[in-house]
Every structure is written in C-alpha cells, then in structure tokens.
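The values are calculated or read from the model by the stated rules, or taken from the named source; none is laboratory data. Keep in mind it's a predicted model, so treat the numbers as computed, not measured. Cβ placement follows ideal geometry from the backbone for every residue including glycine, while neighbour counts extend to all protein chains displayed. Heads up: the accessible areas ignore ligands, DNA and RNA and are worked out on the full protein's heavy atoms, side chains in. Shrake-Rupley method; radii C 1.70, N 1.55, O 1.52, S 1.80 Å.
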Amino acid sequence: MLQKPESEALPILQAEGEKDGGRDGETQALTASQKEVPNPLLQETPKENLGARREEGAAESALTPKGVRTLAAKALARRRAYRRLDRTVAELVQFLLVKDKKKSPITRSEMVKYVIGDLKDLFPEIIARAAEHLRYVFGFELKQFGRKHHTYILINKLKPLEEEEEEEDDLGGDGPRLGLLIMILGLIYMKGNSARETQVWEMLRRLGVRPSKYHFLFGYPKRLIMEDFVQQRYLNYRQVPHTNPPECEFSWGPRSNLEISKMKVLGFVAKLHKKEPQHWPVQYREALADEADRARAKARAEASMRARARASERAGIGPW
C-alpha cells in the first residue's frame with residue numbers, strides 16, 4: 001500500500017450547497033489573483049513556506065485589531081472567489097454538454113449570458129479550464145470555428161487508454177463513462193491506492209455531477225459506479241475496518257489492474273496538473289514497477305506461445 005504523498009491530488013472538495021456572498025468583492029479578488037488559480041479538478045495542497053508564515057505572523061501581531069479583521073476579510077474573499085470560479089467552470093462544462101446534445105454551435109455571448117455573467121473578464125481562463133475538463137474527463141474537444149462571432153462546437157475525441165478491443169467493448173465504447181472511470185481510478189491512485197466513498201462523491205460534485213441525480217451522459221452516476229464499475233470488477237468496494245460511524249472505500253478492481261496501467265493513469269493526472277509524472281515520485285516509482293511487471297508478463301506469454309507453436313510444428317511433421 002502506497003503512503004499518501006505530501007501533496008495529494010484530488011482532495012476532499014467543498015460540500016454541495018455551500019453559499020457565497022459579495023459577488024462584486026469576489027470578482028475583484030479573482031481578477032487580482034487570476035494567475036494563481038489552481039486546477040479545479042486536481043488541486044494540490046501547497047507546501048507551506050515557513051519563513052513567510054513566520055513573517056506573516058510577526059506582521060499580524062503588529063497589526064491593530066482592525067487590520068487583522070481586514071486581512072481575514074480579504075483571505076475569506078479570495079477563498080470565496082476561488083470557489084465561485086470552480087463552480088462557474090463546472091457549470092459551463094455542463095452547459096456545453098447540454099448544448100452539444102442538440103448539435104448546435106455555442107456562442108461566447110450565450111456562455112456569458114447564461115453561465116459566466118459578471119465574470120466575463122475572466123472568460124479566457126474559464127473557457128480554457130472548461131476545455132480541459134471536457135477533453136480529459138468527458139472525451140470532448142472544444143473547437144472554435146467562428147472567430148468573428150466566437151462560435152464553438154464539441155468533437156468527441158476520447159480513445160480508450162488501452163488499444164485492446166475487449167476493454168472498449170466492456171465499457172460499451174462509451175467515452176464519457178471511460179473518462180469517469182479514469183477520474184475515479186486517478187483519485188484512488190493519488191490517495192494511496194484507496195479513496196473514501198465520500199471523497200468520490202465530492203469529486204463528482206466538483207465536476208458538476210450529483211451522485212444520485214440523473215445525468216444525461218452517465219444516467220444515475222452512483223448506480224453506474226456501484227452496479228457497473230463495481231460489479232464488473234473495475235472497482236473494489238469495502239467497509240473500512242474500525243470506523244465509527246462506518247465508512248466505505250474504493251480501490252482498483254482486478255479488471256482495472258489487468259486492463260489499465262498505472263503509468264497511463266498517472267499521465268492523465270499529470271496532464272490535468274500540467275506537470276510531468278515524475279512530479280509525484282512515490283506514484284511514479286510504483287508506476288514504473290507496474291510497467292516492468294507488465295513487460296515481463298507479456299514476454300512470458302509471448303515465449304509460451306512460441307514454445308507451443310514450435311511443439312505443434314514438431315508434432316505435425318514428426319512420425320505418428
């Protein structure tokens with residue numbers, strides 16, 4: 001079992017239904033910190049700069065009570081701004097997917113009117129992040145084909161991670177379902193090879209998908225995961241020992257271990273982070289070991305097939 005990395009991907013996400021306020025203040029905070037917006041799907045826990053924290057603490061101790069309240073208010077505004085931006089990206093993804101069902105082009109003005117609203121100045125950032133979600137999670141590429149009127153269409157681009165036809169058949173050749181499975185496998189892998197059930201549902205909410213509510217791409221996501229992915233042995237599901245109240249967790253199932261390599265899943269996570277797989281040394285070493293095991297198993301299978309073929313040839317030409 002892997003130890004949890006210092007910087008975990010796919011952390012516990014905010015609870016559904018959390019309220020925000022101060023829309024104008026949030027917009028200003030977003031604009032001020034636009035360059036530092038984290039990836040909404042696979043956020044990392046930033047490493048603390050202890051020296052900076054000490055300086056901050058010293059500065060805060062020198063502040064008046066009013067100054068401390070002002071700093072706290074600004075920090076709260078930034079957190080709300082990030083949460084609002086994350087929700088806007090998730091809502092835009094769902095909006096684009098719904099519009100694509102009608103196969104009608106989508107204009108920038110529609111996106112601003114129905115989803116983005118007063119965050120229109122951040123449109124390039126929002127559309128770029130929405131395009132990443134669409135590509136890596138749902139298997140669609142967002143293409144702009146009318147630059148004058150900023151018109152977009154979605155193209156289905158997702159391929160199975162492995163080229164074997166068997167895997168594609170088992171998943172129904174369904175790009176979005178495969179994308180959802182890979183997201184869950186990535187969460188499990190980056191959490192140390194197991195993820196609590198609550199963490200999986202929270203990840204879905206971050207994608208704008210409610211586990212128990214019908215979704216036009218996945219049907220009922222919770223049922224898809226529990227009845228399809230678990231029963232088809234892509235995922236294992238078990239109760240965590242010694243938890244009160246009882247908690248359950250997911251891990252990779254035997255079919256995922258056979259059909260999907262850890263290196264490819266780590267590569268998927270790295271793309272979402274815009275980093276190299278080596279950024280997570282613990283997971284990268286395990287993925288390398290997995291690749292070596294797969295190569296040895298493939299070599300043994302090929303050697304066995306060649307031996308059987310030679311034996312058949314000798315039997316065919318030898319005297320009876």
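Structure above, values below:
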item	result
Residues satisfying the stated conditions in the range 192-208, i.e. over 22 Å from residue 95 (Cα atoms) and open to solvent by 10 Å² or more (accessible area, probe 1.4 Å)	193, 194, 196, 197, 198, 199
Residue count, the range 225-262 (criterion: surrounded by fewer than 19 Cβ atoms within 10 Å (Cβ to Cβ) and assigned to a helix (DSSP H, G or I))	8
Exclusive hit being part of a helix (DSSP H, G or I), of a type outside the set (A, V, I, L, M, F, W, C), in contact (Cβ under 8 Å) with a residue 40 or more places away in the chain and at negative phi, set 278, 283	283
Extreme residue, modelled with the highest pLDDT, among residues of the range 198-214 that are among the aliphatic types (A, V, I, L, M) and assigned to a loop (DSSP other than H, G, I, E, B)	209
The range 79-99 residues that are more than 16 Å from residue 143 (Cβ to Cβ), paired with ones that are open to solvent by 10 Å² or more (accessible area, probe 1.4 Å) and acidic (Asp, Glu) (beta carbon under 6 Å, 6 or more apart)	80/20; 84/20
Some residue of the range 233-241 being assigned by the TED database to the domain that holds residue 190, within 25 Å of residue 134 (Cα to Cα) and without any contact (Cβ under 8 Å) to a residue 60 or more places away in the chain	yes
Top-ranked residue in the range 122-145 [being touching a Phe, Trp or Tyr at 6+ places or on another chain (Cβ under 8 Å) and assigned to a strand (DSSP E or B); ranked as least open to solvent (accessible area, probe 1.4 Å)]	142
Flag for residue 192 being under 30 Å from residue 291 (Cβ atoms), modelled with pLDDT of 85 or more and out of contact with any helix residue (DSSP H, G or I) (no Cβ under 7 Å at 6 or more places or on another chain)	yes
Counted residues, the range 276-287 - those being surrounded by 15 or more Cβ atoms within 10 Å (Cβ to Cβ), of a type outside the set (Phe, Trp, Tyr) and out of contact with any Gly (no Cβ under 8 Å at 6 or more places or on another chain)	4
Sole residue being surrounded by 15 or more Cβ atoms within 10 Å (Cβ to Cβ) and in a helix (DSSP H, G or I), chosen from 154, 119	119
So residue 217, is it in a helix (DSSP H, G or I) and outside the structural domain of residue 137 (by the TED database)	no
